[in-house]
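Please read the structure below before turning to the comments.
The values are calculated or read from the model by the stated rules, or taken from the named source; none is laboratory data. Just so it is clear, the model here is predicted, and its values are computed rather than measured. Neighbour counts run over all protein chains shown; Cβ positions are idealised from the backbone, glycine included.
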Amino acid sequence: MTINSFLSRRWLTALAFSASCLVAVNAQEATSTVSEMTSEQIQQLSYNDLLQLSLEDLITVANKFGMSADEMLEYFLNKDIVAASKKAEKSMESPLSSTVISKEQIERSGVTNIPEALRLAPGVIVREKTPGNYDVHVRGYDNIPSNNILTYSENMLTLLMIDNRPVYSYAFGGTFWETLPIEVSDVERIEIIRGPSSALYGPNAVSGAINIITKKATSKSVAVSFDNALGNNNTNIANIASTFGIGNKLLARVSGNYQWNGRFQNDFFTFYDSRYHTQDFLEITKDKDGMYLKENASDIEPNPRRAGEKFGGNVALYYPVNDKVNFELAAGAQKSAVLTSMLGNRMVPFSIRESQTQYIDFKANAGGLQAQVNYMAGDQEYEKMVKGFHIDLQSFNANLEYDYKIQNLSLRPGVSYQQASYDDSKYVNTAIKEGYLNGKCVLSTVAAFMRADYTAFDKLRLVGAVRWDKYNKPDVTHMTYQFITSYKINDNHLVRGVYSRANRGPFMTDTYSDFTWQRIPGAFNILYLGNENLKLPVMDMIEFGYRVKPVKYIQADFEVFQTKTKDYSWFMPQSIAIKLSESGKPMMEGIIGYDNFDMTTTQIGFSGNIQIAVNKNLTMNVFGNIQKTELDHFYARKASEILEEMVGKLQTPDQPVNNEVKDADFVDQTHKSTPSYYGGGSVNYIFKEKWNINTSFYYYGKQTFAMTFMDTEIPAKTLVNAKVSYNFAKENKVFVNVRNLLNDDSNEFAFADQIGTKFFAGVQLNF
């Protein structure tokens, strides 16, 4: 059953709109005038909320805080962030390279999904594979090792969390963004930490960590929000949410989201002749061995104009017992399908990925004690066009921390446990190894950690963190750490330095792969084998930063960094032999497995970010990164070349030909798959308190993507976006949104889709 048959877009839109109107009939007024607000309510106002206030109301707010109107604007320009040290603090004082993307920035910028929202932050490389489907990296490290399978294009080094709940994939690593049950309408803010952060958050927070903080109900009054945007290529985006109180203290938020993204084309690239073909042509195309490419026919996508489709629903409950004790419970589900890059090597670099998952997340806070337990389950089919990549999954996370303060010293000890189990036995014949796992496989981690934070003379801050992770596969213990110092010269100047180490965790394919691919049935089999003793990638970083407020309303952040990463794993041919099949006929059997090479990557870079609040109606920012990545002792041979060479050396049965790794095969080179410069900026203008005009841009330099079959260059690209909204009634708006205004339709990802201009018109209603 396709998602289209399960849930009609028109039906969802009509239902959402009807529900909004129905609840709005009895909704109570959700907001108060500024003069009636308490100080606590005023503290919940965002910077952009203040920008919409009249001068009289702004002065009223400022007087309640004992500040001038100018000081109040500056106060809210310096956003709160929690991710940098696991406690609320102003971004000006954050000890790490960090950025906060607020809900107001997200709404006004016109971004249509969470990955695109990350284009609003420095240090994040975001490229669109197919419309609505993105590739995201923090400071790069993509396509390492090169000359290999497309799997290595995925970001395996950045940890993504939703309210501190890890949501990365244990299968191949990386994040399947379409599987997030939330959408931008659910986001309160996004906190981004650049650089190794495993000591804070555990495995996979290597190049950085992204924590999406969701909206919560803050009042017992009933409130409903609904937005719907219709675009070209039949694109449809709809979101609905309601907040309300239950009883004396319980607060609730219920939300739903739906997206359908259309392509600009209906053809697909093939490595066979380096051209794009329609599915009809692919059905009759043969490869060089004369075998029909049946796997590349209509199984790619029943609707070739669909780039992706998803819907999700979430419920969040908040129960404050008193000022020191509170409980939170969240649950949700999603169902999605996306046309995206494949994870192996075949003639067509595209495949459909389908997912259906559910989660539950519980948090408790009692004084300094914080506990969180969450569970996710479902099934995912990573490669619809290949049998063997459909699994049932379960993941469990438990975390317990205690924040203890002694004058200027804060200690935060804790323990955690993570377990993931993947099982494909329900979908494949395990006897002939049709699946990549062929049974239930488990990865688990037990960890203990400690963080200390000390402030001396109200200026010097010393932070240290250490964490021990004990894995079941490989059976090792990794220690990661983070040492930070910052010095607050005065209220307008802060310098800081960081030295940290982080490691990546194990993944199912690297560890447990046991898959037989019948490349030519009865004539040529390839065995994919995992390695339970792989070394896990480790990154070390040294970084220096400087934050400054040269004048009021301007805050700038600069950082220079160097990282070194080692213990990468490679997927490459190991041996090939001629064996007798069950019918007695000779056949080739190759073995491709995972192994480590002694390669080191060294990256140096500079990042800058400037935010400006000219006045209450005009804000702007600009940011950029310049960096260079060097590969030392890189194995330069392509996997396909190695396999062909070994086949050419075959002579007699039962005499395998092994891959001979020679010193001459290793080179030192500059990594070209990560752009050497990238960045962006935005300008937001409020006109006559009714109109909001936002323009933004995002750019990156050219890159060369190298994989098994061929290399391709991705040209430099600048994306210009614009959104204009009109507030026709209190908190109710209509808008026009244009993405890629210059219509640069060049590919942003190797062998993927052309991405043209997207036009949207929509409405946002709040009751």
Inset, instruction - Answer yes or no as to whether Val538 is over 26 Å from the mean Cα position of the chain (by Cα), within 27 Å of Ser607 (Cα to Cα) and surrounded by fewer than 21 Cβ atoms within 10 Å (Cβ to Cβ). - result: no
Inset, instruction - Having 1 or more residues that are over 30 Å from Val415 (Cβ atoms) and either modelled with pLDDT of 95 or more or touching an Asp or Glu at 6+ places or on another chain (Cβ under 8 Å) (or both) is the bar; report the strands (runs of 3 or more DSSP E) wholly within the stretch 170-235 that clear it. - result: 223-231
Legend entry - Test for Gly435: is it under 28 Å from Met342 (Cβ atoms), crowded, with 18+ Cβ neighbours inside 10 Å, of a type in the set (Gly, Ala, Ser) and touching a Gly at 6+ places or on another chain (Cβ under 8 Å): yes
Inset, instruction - Take the residues in the stretch 714-740 that are within 24 Å of the chain's Cα centre (by Cα) and not in a strand (DSSP E or B), then tell me which one is nearest to Phe760 (Cα to Cα). - result: Asn740
Inset, instruction - Could you please let me know if Phe749 is within 23 Å of the chain's Cα centre (by Cα), crowded, with 19+ Cβ neighbours inside 10 Å, touching a residue at least 24 places away in the same chain (Cβ under 8 Å) and part of a loop (DSSP other than H, G, I, E, B)? - result: yes
Inset, instruction - Being crowded, with 17+ Cβ neighbours inside 10 Å and either aliphatic (A, V, I, L, M) or in contact with a Pro (Cβ under 8 Å, 6 or more places away or on another chain) (or both) is the filter; apply it to the stretch 567-577 and report the residue that is modelled with the highest pLDDT. - result: Asp567
Inset, instruction - Assess whether Leu339 counts as being under 29 Å from Leu527 (Cα atoms) and either touching a residue at least 24 places away in the same chain (Cβ under 8 Å) or surrounded by 18 or more Cβ atoms within 10 Å (Cβ to Cβ) (or both). - result: yes
Legend entry - Qualifying positions in the stretch 579-593 - hydrophobic (A, V, I, L, M, F, W, C) and modelled with pLDDT of 85 or more: Ile591, Ile592
Inset, instruction - Name every residue in the stretch 201-231 that is hydroxyl-bearing (Ser, Thr, Tyr) and touching a helix residue (DSSP H, G or I) at 6+ places or on another chain (Cβ under 6 Å), in order of residue number. - result: Thr214
Inset, instruction - Inspect the stretch 619-626 for any residue being within 27 Å of the chain's Cα centre (by Cα), small (Gly, Ala, Ser) and surrounded by 15 or more Cβ atoms within 10 Å (Cβ to Cβ) and give the result as yes or no. - result: yes
Inset, instruction - Look at the stretch 130-165 and say how many of its residues are in a loop (DSSP other than H, G, I, E, B) and either in contact with a strand residue (DSSP E or B) (Cβ under 7 Å, 6 or more places away or on another chain) or not aliphatic (A, V, I, L, M) (or both). - result: 16
Legend entry - Pairs where the first residue, in the stretch 151-172, is under 19 Å from Asn133 (Cα atoms) and the second is at pLDDT below 95 and acidic (Asp, Glu), C-beta under 7 Å, 6+ apart: Ser153/Asp135; Ser153/Asp142; Asn155/Asp142; Phe172/Glu154
Inset, instruction - Just name the residue that is nearest to Glu748 (Cα to Cα) out of those in the stretch 666-684 that are surrounded by 16 or more Cβ atoms within 10 Å (Cβ to Cβ) and more than 24 Å from the chain's Cα centre (by Cα). - result: Val683
Legend entry - Scan of the stretch 391-416 for residues that are surrounded by fewer than 19 Cβ atoms within 10 Å (Cβ to Cβ) and under 19 Å from Glu154 (Cβ atoms), ordered by number: none
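Yes/no matrix, rows are residues, columns are (1) surrounded by fewer than 20 Cβ atoms within 10 Å (Cβ to Cβ); (2) free of Cβ contacts under 8 Å to residues at least 24 places away in the same chain:
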residue	(1), (2)
Arg305	yes, no
Glu309	no, no
Val315	yes, no
Asn322	yes, yes
Phe327	yes, no
Tyr359	no, no
Ala364	yes, no
Ala371	yes, no
Tyr375	yes, yes
Inset, instruction - Please specify each residue of the stretch 685-698 satisfying the condition of being surrounded by fewer than 17 Cβ atoms within 10 Å (Cβ to Cβ) and either in contact with a helix residue (DSSP H, G or I) (Cβ under 7 Å, 6 or more places away or on another chain) or not acidic (Asp, Glu) (or both). - result: Tyr685, Phe687, Lys688, Lys690, Trp691, Ile693
Inset, instruction - Report yes if Ile484 is of a type in the set (Val, Ile, Thr), assigned to a strand (DSSP E or B), in contact (Cβ under 8 Å) with a residue 24 or more places away in the chain and within 29 Å of Gln603 (Cβ to Cβ), otherwise no. - result: yes
Legend entry - Selected residue (only one of Lys384, Lys459 is of a type in the set (Lys, Arg) and under 18 Å from Leu343 (Cβ atoms)): Lys384
Legend entry - Subset of the stretch 514-528 that is among the aliphatic types (A, V, I, L, M) and surrounded by fewer than 16 Cβ atoms within 10 Å (Cβ to Cβ) - its residue that is farthest from Tyr471 (Cα to Cα): Ala523
